[in-house]
Each structure stands twice: as C-alpha cells, then as structure tokens.
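Q: Got a structure for you, written out below as structure tokens; questions coming shortly.
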Ligand code: ATP
Ligand code: MG
C-alpha cells in the first residue's frame with residue numbers, strides 16, 4: 001500500500017492544553033519525564049517491566065514465575081503459573097484497610113432513589129450470591145449469561161461468578177431474544193442471571209420475558225438455572241424447577257465464601273464486541289492480565305485519589321462497563337457511582353444534576369452522549385451544565401468513538417470549565433483496557449487526539465506490509481507486542497481470532513486494531529481517522545471519514561451530528577456521502593437543497609473542494625449500535641442504494657434507516 005499523506009484539514013489542531021500545576025501536583029504520573037521513564041523501562045526490559053507492575057498491583061495467592069510465554073503466538077500467555085481471584089482483588093483485599101468501610105458504590109436508580117454500599121457490605125453480598133450460585137451446582141469454568149439492568153445487582157452477579165471461577169458473558173439488557181439465544185449457544189452457558197424487568201426512563205421494560213423467548217428459540221438445553229432479580233414488584237413467568245428468584249436463591253446462604261483461586265490465564269469473561277463493523281465477536285479475556293490493567297489504568301488514566309468519586313456511565317453490557325464499573329474502580333478502591341437510568345430522564349440535565357448531587361470528581365462518558373447533551377443544552381438552558389454546580393469535577397473522560405474537536409471543546413469549556421483535563425481514551429473490547437490515552441497530570445492535550453500509548457503498549461501506524469509509516473501519513477493502527485489485558489481468543493473460534501487480528505502479511509504477531517490512524521508531525525500524537533474500511537479514496541486522495549465528519553460538526557450553528565461513508569463512483573473512484581443530523585428538524589425539498597449546498601461550501605472551505613460530499617442525506621438521528629456508535633456499514637449500503645441484508649442484531653433504531661433514503 002502506498003501511503004499518500006492524509007489531507008490536512010480542520011483536524012490539524014493548533015490548540016494545545018498543557019496540564020496545569022494544580023493537576024500535575026501529586027499526580028500518579030506527573031509530567032512527561034515520568035511518562036517517558038516508564039516507556040523507557042518497558043523498552044529496555046519488557047518482561048521485567050510487566051512483572052514489576054503485576055507484582056505491585058495484583059494480589060496473587062501463588063506468585064507467578066513466568067511473565068510472558070510467546071511460544072504459541074499469537075496465543076500469548078501472561079503470568080501463567082500465578083494464581084489469583086479477581087473478586088478477591090476487588091473486595092477482600094480492602095478488608096482490614098481504611099477502605100473496608102468506605103463507600104464502594106453510590107447507586108442511583110432510574111427514579112432517583114439513592115443507596116450506598118460499603119466495600120465490606122459489597123463483599124458480603126457478593127459472597128452470598130456466590131454461595132447461591134454454588135448451591136445451584138455452578139462451578140469453576142461454567143459459563144453464566146448475565147442479562148441484567150444497570151444495577152448494583154448486575155455487578156454483584158459478575159463479581160460472584162468471578163469469585164467461584166465461573167466465566168460470565170454479559171449481554172446488554174437492550175438486546176433481543178435472538179441475541180440472547182445466540183450468545184447462550186455460543187458460550188454453552190449453564191445458567192442465566194436476569195431480572196423480571198428493568199427501569200429505563202420511567203418505563204418498566206421486560207427482561208425475563210425476553211430470556212424466556214430466547215430459550216424458546218431452541219438449542220439452549222445447556223441452561224439449567226435462571227435466576228431472576230425482582231427489580232420491580234410486577235410478577236413474571238417462572239418455570240418450575242429451572243427458575244428461581246434472587247430472594248429464594250439467597251435465602252439461608254452465608255455471607256462468607258472463600259474465593260476460588262484460578263490460574264492467571266483462566267478466562268474471566270467472554271464479551272461480544274459492539275458489532276459496528278460486522279457480526280459481533282465473542283472476545284475471551286484472562287483473569288490475571290485483565291485485573292492488572294483494570295486496576296492500573298484507574299490509577300494512571302484517571303489519576304485516582306482516595307477521596308475521588310468516580311463515575312463511568314457505560315453499561316455493564318459493554319467492555320467499558322466491565323473494566324471501569326465492575327472491576328477497575330473496585331480493584332483500585334474507588335467510590336463509584338452506578339446509574340440505572342438514561343441521560344435524558346427526567347430531563348437532559350440528569351448527568352449534570354447527578355454530578356452535583358454526588359460530588360462526582362471523575363466523569364467518564366461517550367461522545368454519543370456528549371453530542372446529544374450538547375444538542376439538548378443548547379435548546380434549553382435548564383438542562384445546560386451551567387444550571388448545575390460542577391465544581392467537584394477534576395477529570396473528564398471520553399470513550400467509544402473519536403470525539404470531534406468541536407464536541408471536545410464544548411465538553412472542556414461547559415463541563416470542565418477549562419480546568420479539567422479530558423482523557424480521550426482509545427481502546428477496544430479486545431484490548432481489555434485503555435491503550436492510547438492522555439495522562440491527566442502529564443500529557444499536553446490536543447482536542448480530538450487520543451495522544452500517546454500507555455507505557456508498555458507498543459502502538460504504531462503501519463502500511464499493509466507492516467512497515468512503519470512516517471508521522472503525518474495515514475495507515476493502520478497496530479500494537480506490535482502483546483500486553484497483559486489483550487484478547488486471548490475468540491471464544492470457540494481460534495482461527496477467526498488469528499485471521500481477524502494477526503494478519504499474516506504483517507508477520508502474524510502484530511495486533512491489528514482495525515482502526516485507521518495518523519500521528520501528528522510535531523508531537524507524534526495518535527489520531528483515529530475511522531475504521532480501516534472507512535478510509536476514502538477520492539480521485540487518488542486518501543481521507544479519513546472522521547475529518548469530513550469533524551468539519552461538518554464544526555458548523556456548530558447547523559449540525560448536531562454527521563457520519564460520512566464512501567460509495568463507488570465511476571469518475572472519482574469513490575464519492576463522499578454524508579449523513580447529517582441538524583440541530584433543527586429534518587429539512588425537505590428546497591430547504592434541504594439549500595442546506596446541502598451550504599454544507600458543501602463549508603466543507604470545501606474547511607478541508608478543500610476534494611472533500612465536498614457528493615450526496616447529503618438528512619435524518620433526525622443516525623443508525624447506531626446499542627452502545628451508541630454509528631453503524632457506518634449500514635450507511636454504506638444506504639449510500640449505494642442497496643437494501644440492507646446484513647446483521648442488524650445490535651442496531652438500536654432500525655426505523656431511522658427509512659428516513660435516510662433521500663439524497664440532496
Ligand atoms: P465491532 O468490533 O463488532 O465492529 P466495535 O469495534 O464498535 O464493534 P468496541 O470494542 O465496543 O466494538 O469498540 C472499539 C472501537 O471503538 C475501536 O476500534 C474504535 O473504532 C472505537 N473507539 C473507542 N474509543 C475510541 C476513541 N477514544 N477514539 C476513537 N475511536 C474510539
Ligand atoms: Mg471492533
């Protein structure tokens with residue numbers, strides 16, 4: 001692959017925000033020298049570096065003697081002869097320390113009720129639940145499907161599985177019966193942990209009924225137990241002998257349960273990717289490496305301090321909810337907020353009001369949430385962040401998609417009041433934790449850039465043959481060396497694992513992220529330009545879809561959200577098609593034509609005439625995965641005028657597709 005330079009555009013950012021003295025003082029990694037020293041340690045003694053971190057940050061019942069086994073690459077093994085328990089690393093280790101009676105979880109329900117649980121109380125609850133699992137015959141190595149609302153009980157279920165060495169597979173509570181069935185079969189699960197209903201936005205939505213439907217679709221004979229949390233008082237169907245309520249299951253169970261120690265490579269969980277680029281992949285993670293990185297990135301990326309109140313808004317159905325709700329904050333001894341509901345109920349100021357209410361100091365959310373809250377805040381001052389006291393905030397974070405520079409600036413000014421660093425954390429279900437991210441007390445920030453790899457993560461940008469490309473040239477993001485929290489395999493499909501992530505053309509050992517990226521010429525900062533499939537080639541010019549999207553979103557008076565894809569074009573090779581959500585409603589006819597022209601002129605001015613979208617389509621939203629990511633593969637089909645026949649099992653809003661039919 002030749003590597004012509006990516007067209008310079010609005011994303012060539014000149015704004016740089018250095019960490020303030022106040023932020024640097026006492027930071028876990030303070031200043032770029034401290035960061036560089038860690039990178040140098042990893043570069044000179046890779047094995048020694050990771051061994052040191054694993055000894056310092058994980059409680060081992062049996063210490064490991066081998067750090068990394070590469071003999072069967074890419075099936076890497078980390079800390080293989082060590083033994084530990086993930087739940088003991090999150091709970092038991094705090095007993096007898098000042099954290100014992102610290103609040104571990106502040107839970108705010110959809111309707112606003114707040115409950116607080118200390119580490120000691122949480123350990124008792126998890127232990128009791130673990131005993132209930134054992135009483136149903138569930139053992140080490142068994143797979144347990146968790147299909148729960150965003151509640152404390154969901155986290156308890158995950159921790160209880162880990163405590164007995166059972167492998168959880170969490171399925172987001174918005175997925176269909178079919179998705180539940182497929183994931184049960186894929187994992188060969190023996191039990192389902194679910195809830196009668198879930199509360200979202202004031203509505204009571206069924207969960208158990210969907211599990212029943214999923215089981216009814218067939219081939220789920222492996223399921224012997226369904227445990228049902230009584231989230232609401234409404235009755236649900238219960239199958240005699242198979243189904244048991246939490247109350248029944250927990251009755252008489254002791255609140256003490258010795259954790260089952262497992263080998264470091266024992267699978268902690270299976271989790272499916274979001275399905276943005278294709279059929280979701282069942283990613284398998286290992287206990288030791290995952291726990292290490294979840295704990296350590298809490299300290300490094302969020303600069304966690306003892307009195308912080310941490311809030312990650314991700315659902316436990318996603319990797320972010322695994323690493324930064326269910327495990328990381330607990331392993332790091334944080335007080336965290338868990339929120340059941342949605343950001344727009346009872347109004348779109350809910351996040352800001354909750355930050356004020358619980359004195360949240362570290363707030364971590366997704367660009368999709370930020371973009372939608374910008375739209376609401378600009379329409380109604382009552383739900384603007386200014387209507388809440390956000391002075392408790394210290395650090396902001398973003399994850400899930402590239403954050404456009406304009407959204408970044410809004411977040412920085414309106415939520416962080418220009419004093420909170422934003423950590424734009426790049427990572428994936430497969431990476432198990434952050435891999436490229438700023439460090440609040442060290443990294444100068446550039447809007448829209450995830451900046452630099454964490455020490456020990458050997459990220460690079462290469463061409464198709466695996467050769468490094470120079471800064472300023474676009475290419476494929478890879479990680480050249482293994483790291484402890486990496487994916488171990490695709491559950492039950494080692495061939496797909498190898499083929500998807502370790503291309504033979506690159507030598508078979510580079511981890512291919514699937515994202516396109518470019519490093520800035522001056523600082524070597526990474527910027528994600530879109531999925532590899534999303535790099536456009538218009539008349540021989542290579543452009544990331546992300547830059548055109550960011551240019552569109554930079555038209556702040558008009559555009560709320562935008563997605564760009566290519567379609568084949570006889571003349572130019574590829575034509576640019578933009579899907580745009582306006583801040584006002586969906587325009588039609590002459591108005592739509594006039595706005596489309598205005599947007600084309602704008603992009604021409606911001607990037608260059610070559611980047612002008614040929615087609616512009618308007619909708620009140622974009623097709624998104626349940627985790628809030630734009631599903632560009634569907635947009636590509638729409639742009640080509642095809643009917644959609646692909647996997648849409650993780651699509652949130654199918655109705656939106658029909659709106660996007662008209663091109664201007
Ligand atoms: P699938 O793998 O099934 O297509 P997915 O890649 O969306 O779905 P996830 O593992 O949930 O599934 O998401 C990881 C992807 O999210 C990354 O590969 C990247 O494209 C995007 N991403 C996450 N964080 C960032 C970020 N800070 N900046 C840019 N992109 C990000
Ligand atoms: Mg992916």
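The values are calculated or read from the model by the stated rules, or taken from the named source; none is laboratory data. Remember, it's a predicted structure, so these values are computed and weren't measured experimentally. Every residue, glycine among them, receives a Cβ derived from its backbone with ideal geometry; neighbour counts consider all protein chains shown.
Q: Scan segment 466-501 for residues that are free of Cβ contacts under 8 Å to residues at least 12 places away in the same chain and under 19 Å from residue 456 (Cα atoms) and jot them down.
A: 468
Q: List the strands (runs of 3 or more DSSP E) inside segment 42-161, counting only whole elements, that have at least 2 residues being closer than 30 Å to residue 502 by Cβ.
A: 143-147
Q: Residues in segment 646-663: is at least one part of a loop (DSSP other than H, G, I, E, B), in contact with a strand residue (DSSP E or B) (Cβ under 8 Å, 6 or more places away or on another chain) and within 16 Å of ligand 2 (Cβ to nearest atom)?
A: Yes, because at least one residue in segment 646-663 is part of a loop (DSSP other than H, G, I, E, B), in contact with a strand residue (DSSP E or B) (Cβ under 8 Å, 6 or more places away or on another chain) and within 16 Å of ligand 2 (Cβ to nearest atom).
Q: Output the residues belonging to segment 502-514 that are in a loop (DSSP other than H, G, I, E, B), without any contact (Cβ under 8 Å) to a residue 60 or more places away in the chain and either over 19 Å from residue 535 (Cα atoms) or within 13 Å of ligand 2 (Cβ to nearest atom) (or both).
A: Across segment 502-514, the qualifying residues are 507, 510.
Q: Among the residues of segment 557-611, what is the count of those that are part of a loop (DSSP other than H, G, I, E, B) and under 29 Å from the mean Cα position of the chain (by Cα)?
A: 2
Q: Would you mention how many residues in segment 176-189 are surrounded by fewer than 21 Cβ atoms within 10 Å (Cβ to Cβ) and either out of contact with any helix residue (DSSP H, G or I) (no Cβ under 6 Å at 6 or more places or on another chain) or within 29 Å of residue 112 (Cβ to Cβ) (or both)?
A: So the count comes out to 5.
Q: Looking at segment 413-446 only, could you name the residues that are within 16 Å of ligand 1 (Cβ to nearest atom), part of a loop (DSSP other than H, G, I, E, B) and surrounded by 22 or more Cβ atoms within 10 Å (Cβ to Cβ)?
A: Of everything in segment 413-446, those that are within 16 Å of ligand 1 (Cβ to nearest atom), part of a loop (DSSP other than H, G, I, E, B) and surrounded by 22 or more Cβ atoms within 10 Å (Cβ to Cβ) turn out to be 421, 427, 432, 433, 434, 435, 437, 438, 439, 440, 443, 446.
Q: When segment 515-537 is examined, which residues are found to be within 20 Å of residue 639 (Cα to Cα), touching a residue at least 40 places away in the same chain (Cβ under 8 Å), away from ligand 1 (no atom under 11 Å from the Cβ) and surrounded by fewer than 21 Cβ atoms within 10 Å (Cβ to Cβ)?
A: 535
Q: On the given criteria, is residue 519 modelled with pLDDT of 95 or more, more than 30 Å from residue 186 (Cβ to Cβ) and either within 16 Å of ligand 2 (Cβ to nearest atom) or under 24 Å from the mean Cα position of the chain (by Cα) (or both)?
A: yes
Q: Return the residues of segment 268-305 that are surrounded by fewer than 20 Cβ atoms within 10 Å (Cβ to Cβ) and more than 16 Å from ligand 2 (Cβ to nearest atom); say none if nothing qualifies.
A: Matches in segment 268-305: 299, 305.
Q: How about segment 434-459: which of its residues are at negative phi and either modelled with pLDDT under 95 or within 16 Å of ligand 2 (Cβ to nearest atom) (or both)?
A: 434, 435, 436, 450, 459, listed by residue number.
Q: Name every residue in segment 26-44 that is free of Cβ contacts under 8 Å to residues at least 60 places away in the same chain and either in contact with a helix residue (DSSP H, G or I) (Cβ under 9 Å, 6 or more places away or on another chain) or closer than 14 Å to residue 303 by Cα (or both), in order of residue number.
A: Hit for segment 26-44 is 43, nothing else.
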